[in-house]
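The values are calculated or read from the model by the stated rules, or taken from the named source; none is laboratory data. Since the structure is predicted, the reported quantities are computational estimates derived from the model, not experimental observations. Glycine also receives a Cβ, built like all others from the backbone with ideal geometry; neighbour counts cover every protein chain displayed. Ligands, DNA and RNA are excluded from the accessible area calculation, which covers all protein heavy atoms including side chains. Shrake-Rupley method; radii C 1.70, N 1.55, O 1.52, S 1.80 Å.
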Amino acid sequence: MKFQSHIPKPPLLSRLRLLSVGLFTALTCLLINPITAHADPVDDVVRAVGATYNGTSDNNHGGTSAIPNGVAYTRTGYLCYLLTKDGSPTGDPAYAFYSPGYNGIAGSQWVCTSRRGHTVSGWSGEAFWGVTPWENGGSPSNEVKIRDWFLDASSGVTNAQIFVKRVWGEAAVKNFESDEYILVIETIMNFQYSVKGGSSSSGNDIIDSTLRNAIINSCYLQARLEVNKIPSSTLNGMLSSRGISKEAYIKEVAKEASEILLAQLGGNAGTNRTFTSPPLIGTVPNLITYKKGNTVFDSYTNKVAPHSEKIKVNEAGFTAYTGTGALSDSEVQSYGVAMLIIHCKSDAIHTYWEVSPGNPEPRIPNKTGTCNIVKGYYKENLTTGAKQSLGVYYELDVTSNIIVSGEPTFELVEWRVTTATSTGVNPIAWNPPGTTSQQGKAGATLSLKDPEDCVYVLLF
């Protein structure tokens with residue numbers, strides 16, 4: 001027998017109102033006393049330390065998960081050497097500089113030879129410009145930061161001049177300052193080729209004791225940083241409830257994180273590898289030689305590194321690559337990719353040059369490129385308001401670094417950057433073609449990027 005409640009049920013509308021009041025009260029309590037969630041410090045340690053000791057996925061094409069001795073953006077560097085402006089060796093040696101945060105693979109073999117035959121077999125120190133060629137995950141490229149550092153003249157001379165003098169001496173820098181010499185920088189990578197699969201049961205035999213100790217120490221240092229991020233009230237409450245000290249907790253986090261990371265790197269997470277080369281240090285063209293027919297790490301050797309730094313115009317015997325996708329092995333070895341050329345003098349070009357109306361600054365060899373400048377001039381009758389065109393002037397195939405300004409006898413009306421070039425624009429009915437990506441009415445220093453094509457400047 002079912003017993004009926006002697007309390008009558010309220011009407012449906014009243015029950016809904018009671019329910020809404022209850023929900024409102026509960027939400028109010030949550031807003032007033034929010035539940036604070038804290039990330040597991042073990043996960044944070046594994047993620048941070050793992051990013052240093054690996055950098056490719058568990059397939060053969062690269063990525064961001066763990067492959068033992070795979071590609072890491074911090075495990076990179078730069079091969080630096082001088083050439084004459086026509087691309088001939090100067091007789092000066094080349095030097096290699098490692099990226100900040102560099103963690104080399106123990107027992108690595110140097111196979112580092114420049115595109116002009118310079119050979120190096122060791123590091124000369126950390127790169128003074130303080131950045132890796134690209135960021136974690138393969139992007140973004142740091143080419144602009146590197147170039148800007150070399151051309152920075154805040155000390156009175158460019159960092160490029162200081163660098164060349166410090167590394168190669170007084171005679172070299174004089175030739176560099178006269179534009180007889182150019183500075184060439186090629187990207188260096190340190191990794192070990194491997195393919196999926198292998199007979200290792202524990203996987204840990206591919207991690208030597210030096211690397212193991214380095215990982216354990218890194219986990220401890222990172223654990224201290226992560227634990228210190230936990231709010232004091234939360235941390236103290238947790239330590240009190242468990243009856244342990246802060247230092248004991250840090251060691252506990254570090255131990256758990258290092259065990260997870262060593263298992264990942266060693267293959268216990270299902271990523272056993274068979275190495276197909278020794279650990280290598282070399283330029284991208286050098287490393288491709290050691291692929292031995294395997295399609296391994298090619299998203300880095302054939303796409304990320306080549307596009308992170310590359311020349312923009314044919315110069316000094318190097319050929320510019322204008323494509324955007326992955327390059328074949330032979331293309332990487334043939335084109336001026338995974339490299340930079342630095343001139344002593346800034347490669348920025350000015351929209352104003354000597355006369356008005358007149359063409360922009362001429363594109364001398366180190367100011368050539370794939371961008372364009374088109375200027376339109378007009379004058380206006382202040383009484384009638386009638387406008388008269390004074391012509392269109394331009395300079396094509398210039399560097400992407402462009403300084404826009406007014407001119408001594410003409411005022412800057414506006415500038416705009418678009419995706420199309422036309423030298424037939426009308427200064428009166430001003431309407432440059434293409435999609436506008438940026439514009440302004442004051443002078444500016446621009447650094448154009450694909451697909452930006454042309455800077456239009458209107459003056460009167």
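Of note:
- Matching residues in segment 216-238 - criterion: being out of contact with any helix residue (DSSP H, G or I) (no Cβ under 6 Å at 6 or more places or on another chain) and of a type in the set (A, V, I, L, M, F, W, C): L221, L225, I230, L235, M238
- So K387, is it farther than 30 Å from A316 by Cβ, open to solvent by less than 80 Å² (accessible area, probe 1.4 Å) and charged (D, E, K, R): no
- Test: residue in segment 296-310 that is part of a loop (DSSP other than H, G, I, E, B) and over 21 Å from G138 (Cβ atoms): no
- Number of the exception - Y81 against (1) crowded, with 22+ Cβ neighbours inside 10 Å; (2) not in a strand (DSSP E or B): (2)
- Odd one out for P93, checked against (1) assigned to a loop (DSSP other than H, G, I, E, B); (2) open to solvent by 40 Å² or more (accessible area, probe 1.4 Å); (3) closer than 30 Å to A171 by Cα; (4) touching a helix residue (DSSP H, G or I) at 6+ places or on another chain (Cβ under 6 Å): (4)
- Among the residues of segment 316-338, those that are of a type outside the set (S, T, N, Q) and surrounded by fewer than 14 Cβ atoms within 10 Å (Cβ to Cβ) comprise G317, G323, G325.
- Candidates S389, S405 - the one that is modelled with pLDDT of 95 or more, touching a Gly at 6+ places or on another chain (Cβ under 8 Å) and polar (S, T, N, Q): S389
- Hits in segment 158-187 - residues which are closer than 15 Å to T90 by Cβ, open to solvent by 10 Å² or more (accessible area, probe 1.4 Å) and not in a helix (DSSP H, G or I): G169, S178, D179, E180, Y181
- Of residues in segment 188-205 being in a strand (DSSP E or B) and modelled with pLDDT of 80 or more, the one farthest from V111 (Cα to Cα): S194
- Taking the criterion of being hydrophobic (A, V, I, L, M, F, W, C) and open to solvent by 30 Å² or more (accessible area, probe 1.4 Å), the residues of segment 130-155 that qualify are V144, W149, L151, A153.
- Taking the listed residues K375, K379, the one that is open to solvent by 40 Å² or more (accessible area, probe 1.4 Å), of a type outside the set (A, V, I, L, M), in a strand (DSSP E or B) and modelled with pLDDT of 90 or more is K379, with no other qualifying.
- Residue ID - surrounded by the most Cβ atoms within 10 Å (Cβ to Cβ), chosen from residues in segment 103-129 that are in contact with a helix residue (DSSP H, G or I) (Cβ under 7 Å, 6 or more places away or on another chain) and within 20 Å of V173 (Cβ to Cβ): W129
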